[in-house]
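Trainee: Provided herewith is a single structure, encoded as structure tokens, for subsequent inquiry.
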Amino acid sequence: MNTVMAYTTDRWPKRFSRTVTDFNFIGAWETGIRFILSLLTLTILFGLAGGVAHTFLDLRLILTADLDVALRHIIVNALTLLAVVEVLKTTLTYCSDGRVRVTFIVDTVLVVMLTEIISRWFTGGEWHQFAILGGIVITLGLMRVVAIRFSPTAAPIQQTHQPESTFL
């Protein structure tokens with residue numbers, strides 16, 4: 001019986017070390033990330049559906065409240081839902097490409113900032129709030145242009161010489 005005990009105790013560390021060295025950590029990481037992002041996508045979809053239902057139910061404000069107040073509320077809700085769509089787009093792009101595109105993140109933040117500017121405009125914000133938000137939007141716009149211009153996936157523009165066509 002001692003030889004059986006010695007045999008199993010000697011083999012256990014070797015089996016364990018072989019299992020650890022053969023384990024695909026990167027594959028497990030990618031599978032875990034995809035699972036968590038699938039849950040996030042489901043959460044975003046449920047939130048988007050709930051937001052659309054809530055905005056649809058807010059149409060009753062047109063009959064009960066002042067028209068301009070009701071429409072402002074509906075516009076801000078719709079713009080917020082568009083920001084959620086941008087987040088969903090970023091998540092789905094990460095799932096398909098395995099990376100996050102800077103332009104999608106900038107687009108998302110731009111939509112959120114524009115929503116904030118419009119809501120401040122409707123509520124009568126002060127000029128320095130508009131100046132700060134405008135500066136952020138201009139900076140994000142410049143970042144988007146730079147991200148597109150210097151993208152690592154952008155193909156360099158090649159100029160080819162095309163023969164001139166002559167008509168007789």
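The values are calculated or read from the model by the stated rules, or taken from the named source; none is laboratory data. Just so it is clear, the model here is predicted, and its values are computed rather than measured. Because the Cβ atoms are built from the backbone with ideal geometry, glycine has one as well, and the counts that use them run over all protein chains shown.
Trainee: Could you check, for the stretch 133-140, whether at least one of its residues is under 30 Å from L39 (Cβ atoms) and modelled with pLDDT under 80?
Mentor: Among the residues of the stretch 133-140, not one is under 30 Å from L39 (Cβ atoms) and modelled with pLDDT under 80, which makes the answer no.
Trainee: Here's a follow-up. Can you tell me which residues in the stretch 86-104 are β-branched (V, I, T) and surrounded by 14 or more Cβ atoms within 10 Å (Cβ to Cβ)?
Mentor: V87, T90, T91, T93, V102, T103
Trainee: Consider only pairs whose beta carbons are under 8 Å apart and that are at least six residues apart or on different chains; among these, list those whose first residue lies in the stretch 123-152 and is of a type in the set (F, W, Y) and whose second residue is in a helix (DSSP H, G or I).
Mentor: Pairs found: F130/I117; F130/R120; F130/W121.
Trainee: Restricting the search to the stretch 83-136, which residues are over 30 Å from T31 (Cα atoms) and either small (G, A, S) or within 13 Å of the chain's Cα centre (by Cα) (or both)?
Mentor: Residues satisfying the conditions are L110, V111, V112, S119, G124, G125, A131, G134, G135.
Trainee: While we're on this one: Criterion first (touching a Lys or Arg at 6+ places or on another chain (Cβ under 8 Å), surrounded by 15 or more Cβ atoms within 10 Å (Cβ to Cβ) and free of Cβ contacts under 8 Å to residues at least 40 places away in the same chain) does L114 satisfy it?
Mentor: no
Trainee: Let me ask you something else. Please specify each residue of the stretch 24-71 satisfying the condition of being of a type in the set (K, R) and closer than 30 Å to T123 by Cβ. First the steps, then the outcome.
Mentor: Applying the first criterion (of a type in the set (K, R)) to the stretch 24-71 yields 34, 60.
Within the stretch 24-71, just R60 meets the criteria.
Trainee: Among V84, V112, V100, which is the only one that is of a type in the set (A, V, I, L, M) and outside any helix (DSSP H, G or I)?
Mentor: V100
Trainee: For residues that are hydrophobic (A, V, I, L, M, F, W, C) and surrounded by 11 or more Cβ atoms within 10 Å (Cβ to Cβ), scanning just the stretch 20-48, find the one that is modelled with the lowest pLDDT.
Mentor: So the first thing to find is which residues in the stretch 20-48 are hydrophobic (A, V, I, L, M, F, W, C), and the list is 20, 23, 25-26, 28-29, 33, 35-37, 39-40, 42, 44-46, 48.
Going one step further and asking which of them are surrounded by 11 or more Cβ atoms within 10 Å (Cβ to Cβ), we end up with 33, 37, 40, 44-45, 48.
Working: I33: 83, L37: 86, L40: 89, I44: 91, L45: 92, L48: 93.
By that ranking, first place goes to I33.
Trainee: Give the residue that is farthest from E116 (Cα to Cα), with candidates limited to residues of the stretch 52-82 that are polar (S, T, N, Q) and surrounded by 14 or more Cβ atoms within 10 Å (Cβ to Cβ).
Mentor: Only one residue tops the list, namely T55.
Trainee: Kindly evaluate T93 against the criterion of being out of contact with any Pro (no Cβ under 7 Å at 6 or more places or on another chain), among the hydroxyl-bearing types (S, T, Y), farther than 25 Å from A131 by Cα and at pLDDT 80 or above.
Mentor: Here the answer is yes, as T93 does meet what is asked.
Trainee: Give T139, T90 a once-over and let me know the one that is under 25 Å from A49 (Cα atoms) and among the hydroxyl-bearing types (S, T, Y).
Mentor: Values: T139 fails: under 25 Å from A49 (Cα atoms).
From the options T139, T90, the qualifying one is T90.
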